[in-house]
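What follows is calculated from the coordinates using simple rules that are stated; it is not laboratory data. All figures in this text were calculated on a predicted structure; none of them were measured in a lab. Virtual Cβ from ideal backbone geometry, glycine too; neighbours counted across all protein chains shown.
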Amino acid sequence: ITKANASRRPILALDAPSGLDTTTGTPAPSGIRATATLTLALPKTGFRAPAASAHVGELYVADIGIPPEVYASLGVATNHLFATGEIQRLGGA
């Protein structure tokens, strides 16, 4: 991770950057600093934490085929998150 962070090359994290607590957004001292993160199904709660932004980079979410009824049964409002495509940019760096 240290070498990857020092490489100055773009880093894509899949689902969550290594070393980032997805619930609290607290990064490990040696956590990856992604240029972009493609998270699956829904963004993780911890991605909203101020300390997480330098590790998440640009945030995208990908549809992995979970039926809307499943989200609804869990009380999660997706508000047609994937209505315009299977990958959505949510923001970030």
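Value of Rg to Rh for the chain, rounded to two decimals, is 1.01; Kirkwood radius and Rg both from alpha-carbon coordinates. Measuring nothing but how far apart in sequence close Cα pairs (under 8 Å, 6+ apart) lie, relative to its length, the chain scores a relative contact order of 25 percent.
Phi-derived couplings, Karplus 6.51 cos²θ - 1.76 cosθ + 1.60 at θ = phi - 60°, listed residue by residue for region 52-68: 7, 4, 5, 9, 7, x, 5, 10, 10, 10, 10, 6, 10, x, 6, x, x Hz, with x used for Gly and Pro. Between the amide H of Ile11 and those of Thr35, Ala36, distances stay under 5 Å, these residues lying 5 or more places away or on another chain, with hydrogens modeled in the peptide plane. In the calculated pair distance distribution of region 39-87, what percentage of Cα-Cα distances lie above 16 Å? Distances greater than 16 Å cover 44 percent of the Cα pairs. Here the dipole of the chain is about 500 debye; that uses its Cα centre as origin and unit charges on the Cβ of Lys and Arg (positive) and Asp and Glu (negative). 3J(HN,Hα) along region 8-22, derived from phi through the Karplus expression 6.51 cos²θ - 1.76 cosθ + 1.60 where θ = phi - 60°, amounts to 6, 8, x, 10, 9, 8, 9, 6, 7, x, 4, x, 9, 6, 6 Hz, with x in place of Gly and Pro. Fully extending the segment from Asn79 to Leu42 would add 12.1 nm, taking 0.36 nm per residue of separation and subtracting the current Cα-Cα distance.
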